[in-house]
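The values are calculated or read from the model by the stated rules, or taken from the named source; none is laboratory data. Only a predicted model underlies this, so the values are computations on that prediction, with no experimental measurement involved. Cβ sites come from the backbone with ideal geometry, for glycine too, and all protein chains shown count toward neighbours. We work out accessible area using only protein heavy atoms, side chains counted, and drop any ligands, DNA or RNA first. Shrake-Rupley method; radii C 1.70, N 1.55, O 1.52, S 1.80 Å.
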Amino acid sequence: MTGHTLLHIDGNLVRVKTGSSVAAALRVAGGMGAARTSVTGQSRAPFCGMGVCQECRVLIDGRRRLACQTVCGEGMRVETSE
């Protein structure tokens, strides 16, 4: 049986399948799955999916981490604005 995990993304409650990455949760949350905004104002989303490109950096429970390499945890707080 597949369970679900609830986490907060930019203050919004998001429900994802247990075991999902934060990058997948960003996609579920809506939009294009943007993880952050570049200094020029462009949306940046996960690109490589394996932690090499660093485009999915977000603040997770107060620590800067890669969304593609982080599994969602119950009650986790994700912030995409830099």
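Among the residues of the stretch 15-24, is there at least one that is over 11 Å from the mean Cα position of the chain (by Cα) and modelled with pLDDT under 90? Scanning the stretch 15-24, I find no residue that is over 11 Å from the mean Cα position of the chain (by Cα) and modelled with pLDDT under 90, so the answer is no.
Does Gly33 satisfy being under 13 Å from Thr80 (Cα atoms) and in contact with a Leu (Cβ under 9 Å, 6 or more places away or on another chain)? I'd like the intermediate steps shown before the answer.
Working: under 13 Å from Thr80 (Cα atoms): yes; in contact with a Leu (Cβ under 9 Å, 6 or more places away or on another chain): yes.
In short, yes.
Candidates are the residues of the stretch 25-59 that are open to solvent by 80 Å² or more (accessible area, probe 1.4 Å) and of a type in the set (A, V, I, L, M); the one that is nearest to the chain's Cα centre (by Cα) is Val28.
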